[in-house]
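Notes for the one structure printed next.
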Amino acid sequence: MTANQPDLFPFPPGPLGEPPERHAELRDACPVTRVRMPSGDHAWFVSGYDEVQAALGDRRLSRAALREPGAPRVISGPDFSDNPFNLLNQEGPDHTRLRRLLTPAFTPRRAEALRTGVQRIADELIDEITSGPQPADLHHTYAAILPIHVICEMVGAPREDRTRLQEWTERLVSVTAFTPQERLRAREESAAYVATLVARRREEPGDDLLSTLIAARDDQDRLSEQELVWLGINLLVAGHDTTVGAITRGAFALLRHHDEFTRLAADPALVPAAVDELLRYAPPSDIGFIRVATEDLTIGSVEIARGEGVIPAMHAVGRDRRYTPDPDRLDLGRSDIRHLVFGFGSHYCPGAGVARMELEVAFGTLAARLPKLRLAVPAEDVEWIGGLLTLRPRSMPVEW
């Protein structure tokens, strides 16, 4: 790479579903580097732990500024960064106000209250898998199903709508896998769907998060109707897509390092630490969310000018050699695990506690119910799909 020939972002995934090999090279040699995005625009790609944490915590790097004329874009055409009502794209008082509305639904106490229901769903899925033929596709029968069933129950969406929700999600968060027209259509269709859910919940309120948000809208005037609809979309999309990626990629890593899976099956007390180690080693995504510098600033030793784009790759930092000895080794017994999968600063994932609980149930149930689970094909034969926010396989055949 030279100053005139920057890397092309996003980077292709590594072999065996591993993070891109370029991540390690950049972290070691150039943790803040210029890249060229699919739109043709340039940005600074940040891959070192310290540098990413600094970028995520710097309020001079703004998502809202992506809507300014001439702002750098990851992809050409409409995408979710254009939407001013999307929580991810807001900054300042509006962002704080909307996050406060969500906080009560994602407290540690609430996460634990949900655990029994998540466990029930996981067990139902394992029952379905074990009653069917072998091999089974662990991705499409478990990893891709569990999170969306959970978020549908939390939000108040019918479980039978999961296929449509999954299709919209793939298009909304795609980078290169779908056209701008397909992304825009998914945005319009998902907004119409959530508006219908809102109307239904207004008539028949329930014990779900969407009903709570409707009350905040109608009784207290704490958010607009468009904000209400887009909070619903945020919850349905962000509330399951990265968890699908985390379960899929984590399960594949465990089965590829089968001694570690056997270790987990023999010692259920390892489950909480195993979740963090799997997030570090096999994060759900390799793509960071771009921000725009609203002032001149410095990250690491690199000067970044006002108006330039910055991509803090929060999923790339778990293998930073400065903090993790032998970072390319999966070790469920690590005592000091560092990662930034849930972000840092004002945009730290509000659902992190629920996501951790869900991953504990997902991996713990696999280890407890299917202790002899193994890949039914060589790991090299599992094909991974790029161009989306989260990495996922076409299928993951397993036997038990």
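The values are calculated or read from the model by the stated rules, or taken from the named source; none is laboratory data. For clarity, every value in this text was computed on a predicted model and none was experimentally measured. Note that each Cβ is placed from the backbone with ideal geometry, even for glycine, and that neighbours are counted across all protein chains shown.
Looking only at residues in the range 283-293 that are closer than 17 Å to ALA352 by Cβ and touching a Lys or Arg at 6+ places or on another chain (Cβ under 8 Å), which one is surrounded by the fewest Cβ atoms within 10 Å (Cβ to Cβ)? This residue is PHE289.
The condition of being surrounded by 22 or more Cβ atoms within 10 Å (Cβ to Cβ), at pLDDT 95 or above, more than 23 Å from the chain's Cα centre (by Cα) and not in a loop (DSSP other than H, G, I, E, B) holds for LEU264.
Step by step: first the residues of the range 176-195, then only those that are over 19 Å from the mean Cα position of the chain (by Cα) and either without any contact (Cβ under 8 Å) to a residue 40 or more places away in the chain or at positive phi (or both), then the one that is surrounded by the most Cβ atoms within 10 Å (Cβ to Cβ). Which residue is that? The extreme case among them is TYR193.
The test for being in a helix (DSSP H, G or I) and on the phi > 0 side of the Ramachandran plot holds for LEU16. Kindly indicate the residue of the range 221-258 that is closer than 21 Å to ALA355 by Cα and of a type in the set (D, E, K, R) and also surrounded by the most Cβ atoms within 10 Å (Cβ to Cβ) among those meeting that condition. Checked the range 221-258; the qualifying residue surrounded by the most Cβ atoms within 10 Å (Cβ to Cβ) is ARG249. Whether any residue in the range 350-364 is among the hydrophobic types (A, V, I, L, M, F, W, C), modelled with pLDDT of 95 or more, buried (at least 20 other Cβ atoms within 10 Å of the Cβ) and touching a strand residue (DSSP E or B) at 6+ places or on another chain (Cβ under 9 Å) is what I want to check. Scanning the range 350-364 turns up no residue that is among the hydrophobic types (A, V, I, L, M, F, W, C), modelled with pLDDT of 95 or more, buried (at least 20 other Cβ atoms within 10 Å of the Cβ) and touching a strand residue (DSSP E or B) at 6+ places or on another chain (Cβ under 9 Å).
Report whether or not THR324 is polar (S, T, N, Q), in contact (Cβ under 8 Å) with a residue 24 or more places away in the chain and more than 30 Å from PRO69 (Cα to Cα). Considered against the rule, which asks whether it is polar (S, T, N, Q), in contact (Cβ under 8 Å) with a residue 24 or more places away in the chain and more than 30 Å from PRO69 (Cα to Cα), THR324 comes out as yes.
Among residues of the range 283-310 that are more than 29 Å from ALA238 (Cα to Cα) and among the aliphatic types (A, V, I, L, M), those with a beta-carbon under 6 Å from a residue that is at pLDDT 95 or above and surrounded by fewer than 17 Cβ atoms within 10 Å (Cβ to Cβ) at least six positions away or on a different chain give the pairs LEU297/ARG60; ALA305/ASP296. Considering the range 107-128, and only residues there that are among the aliphatic types (A, V, I, L, M) and free of Cβ contacts under 8 Å to residues at least 60 places away in the same chain, the residue that is farthest from PHE363 (Cα to Cα) turns out to be ALA113. Within the range 79-101, the presence of at least one residue that is without any contact (Cβ under 8 Å) to a residue 24 or more places away in the chain, in contact with a helix residue (DSSP H, G or I) (Cβ under 7 Å, 6 or more places away or on another chain) and assigned to a loop (DSSP other than H, G, I, E, B) is confirmed. Of the residues making up the range 49-65, one or more are within 30 Å of GLU380 (Cα to Cα) and of a type outside the set (A, V, I, L, M, F, W, C). Filter the range 65-120 down to residues that are modelled with pLDDT under 85 and of a type in the set (Asp, Glu) and give me whichever is surrounded by the most Cβ atoms within 10 Å (Cβ to Cβ). It comes out as ASP79. A single entry from VAL302, VAL271 fulfils the requirement of being in contact with a Gly (Cβ under 8 Å, 6 or more places away or on another chain), closer than 23 Å to GLY343 by Cα and either surrounded by fewer than 20 Cβ atoms within 10 Å (Cβ to Cβ) or of a type in the set (D, E, K, R) (or both): VAL271. If I ask for residues that are within 19 Å of PRO20 (Cα to Cα) and outside any helix (DSSP H, G or I), which ones from the range 39-61 would you list? ALA43, TRP44, PHE45, VAL46, SER47, GLY48 - these are the residues of the range 39-61 that are within 19 Å of PRO20 (Cα to Cα) and outside any helix (DSSP H, G or I). Every residue in the range 171-186 that is under 17 Å from ASP82 (Cα atoms) and either part of a loop (DSSP other than H, G, I, E, B) or of a type outside the set (Lys, Arg) (or both), please. Scanning the range 171-186 gives LEU172, VAL173, SER174, VAL175, THR176, PHE178, THR179, PRO180, GLN181, GLU182, LEU184, ALA186. Only one entry in ASP259, ASP207, ASP218, ASP241 is of a type outside the set (Phe, Trp, Tyr) and in contact (Cβ under 8 Å) with a residue 60 or more places away in the chain, namely ASP241.
Please specify each residue of the range 304-347 satisfying the condition of being part of a loop (DSSP other than H, G, I, E, B), touching a helix residue (DSSP H, G or I) at 6+ places or on another chain (Cβ under 7 Å) and among the aliphatic types (A, V, I, L, M). Once the filter is applied, which keeps residues that are part of a loop (DSSP other than H, G, I, E, B), touching a helix residue (DSSP H, G or I) at 6+ places or on another chain (Cβ under 7 Å) and among the aliphatic types (A, V, I, L, M), the range 304-347 yields ALA313, LEU330, LEU332, ILE337, LEU340, VAL341.
Across the range 125-143, not a single residue is classified as buried (at least 16 other Cβ atoms within 10 Å of the Cβ), farther than 26 Å from LYS372 by Cβ and not small (Gly, Ala, Ser). When you scan the range 365-376, do you find a residue that is more than 30 Å from ARG59 (Cα to Cα), touching a Gly at 6+ places or on another chain (Cβ under 7 Å) and modelled with pLDDT of 95 or more, even just one? For the range 365-376, residues more than 30 Å from ARG59 (Cα to Cα), touching a Gly at 6+ places or on another chain (Cβ under 7 Å) and modelled with pLDDT of 95 or more: absent.
Being outside any strand (DSSP E or B), in contact (Cβ under 8 Å) with a residue 60 or more places away in the chain and surrounded by fewer than 22 Cβ atoms within 10 Å (Cβ to Cβ) is a description that does not apply to ARG27.
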